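Participant: Please find one structure pasted underneath; my questions will follow.
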Amino acid sequence: MGVSGCGKSTLVAHLAERLGCPAFEGDSYHSEASVAKMRAGQPLEDGDRWPWLDRLGAAIGDAVRERGIAVAACSALKRSYRARLEAAAGVPVRFVLLDGDRDAIGEQMRRRTAHYMPPSLLDSQFAALERPGADENALVLHCYRPIEVLGDAALAWVQAGMVAAR
């Protein structure tokens, strides 16, 4: 989870390869109307996000019930979005926030060419971001670390949680 341009998709692809599990790209679950809105530089509102989170959550839940594990890249900026995603999945969900500096992430966004999300929306994403509370099932990692280090940290955290739950 995290703002656009923080490396969510890269981390999810890395984890899916390491785990041999399904990977879901949250951007693929947005409606055409929401994509058009973002392309036009308009931030999404909660009403735009609920059906998106429900579709993505259902896909994650189906994959977990079938395969036992799945990974997904999704902004999940607000606590309510994370709760909605987990409810839609119907399975326990762990969140990893890739956190970083607005200017550095903005520079990364300006370098991408094949994404509908314009850098002009980054401020609205940071404004909406509710960093996970201590009571949430979430890990915060700095997005600037090498992908292998991020993957190792995420997997170690998940595995530690699985051991603790036994």
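The values are calculated or read from the model by the stated rules, or taken from the named source; none is laboratory data. What you see is a predicted model, and the numbers here were worked out from it, not measured in a lab. When we count neighbours, we look across all protein chains shown, and the Cβ atoms used for this are built from the backbone with ideal geometry, even at glycine. With ligands, DNA and RNA removed, areas are computed over all heavy atoms of the protein, side chains included. Shrake-Rupley method; radii C 1.70, N 1.55, O 1.52, S 1.80 Å.
Participant: Could you do me a favour and compute the accessible area per residue for region 52-149, 1.4 Å probe, result in Å²? Walk me through the numbers before you get to the answer.
Facilitator: Values: 5000 Å² over 98 residues.
Per residue, region 52-149 has 51 Å² of solvent-accessible surface.
Participant: When the chain is fully extended, how far beyond the present Cα-Cα distance does D103 get from Q159, taking 0.36 nm per residue of separation?
Facilitator: 16.9 nm
Participant: Modelling each spin label as a point 7 Å along the Cα-to-Cβ direction, I'd like the D54/R39 distance in nm, to one decimal.
Facilitator: The answer from the label model is 2.5 nm.
Participant: Sticking with this structure for a sec: Around A73, with a cut-off of 10 angstrom between Cβ atoms, what is the net charge of the other residues, counting Lys and Arg +1 and Asp and Glu -1? Please list the in-between numbers first.
Facilitator: Values: positive: K8; negative: E25, D27.
Surrounding charge for A73 is -1.
Participant: With runs of 4+ DSSP H residues as the only contributors, calculate the mean residue ellipticity of the chain at 222 nm using -39,500 (n - 2.57) per run, divided by the residue total and rounded to the nearest 500.
Facilitator: Numbers: 7 runs with 89 residues, N = 166.
Result for the chain, helices only: -17000 deg cm²/dmol.
Participant: Right, something else. Find how much the distance from S124 to V140 grows on full extension, using 0.36 nm per residue of separation minus their present alpha carbon separation; answer in nm with one decimal.
Facilitator: On the way: separation 16, 0.36 × 16 = 5.76 nm, distance 2.01 nm.
Extending this stretch completely gives an extra 3.7 nm.
Participant: Next question. Relative to the longest principal Cα axis of the chain, at what angle does helix 46-67 sit, 0 to 90 degrees, rounded to 10?
Facilitator: 30
Participant: If amide hydrogens are placed 1.01 Å from N in the peptide plane, which non-local residues have theirs closer than 5 Å to the one on A72?
Facilitator: Distant-sequence amide H within range of A72: F24.
Participant: Given a 1.4 angstrom probe, I'd like the percentage of the accessible area of the chain that is carbon and sulfur, rounded to a whole number.
Facilitator: Answer for the chain is 53 percent, counting heavy atoms of protein chains only.
Participant: If you don't mind, another one. Dipole magnitude of the chain about its Cα centre, charges +1 at Lys/Arg Cβ and -1 at Asp/Glu Cβ only, in debye to the nearest 20? Provide the component values of the computation, followed by the final result.
Facilitator: Values: 20 positive and 21 negative charges, 25 e Å.
Dipole size: approximately 120 debye.
Participant: Turning to a different aspect of this structure: In whole Å, largest first, what are the principal axis extents of the Cα atoms in region 1-68?
Facilitator: For region 1-68, the Cα extents along the three principal axes come out at 36, 24, 16 Å.
Participant: Sequence gap at least 6, Cα distance under 8 Å: using those rules, report the relative contact order of the chain to the nearest whole percent.
Facilitator: Working: 216 pairs, mean separation 52.6, N = 166.
Once divided by the residue count of the chain, the mean separation gives 32 percent.
Participant: In degrees between 0 and 90, to the nearest 10, how far off the longest principal axis of the chain does helix 147-165 point, with axes built from Cα atoms?
Facilitator: Around 50 degrees separate the two axes.
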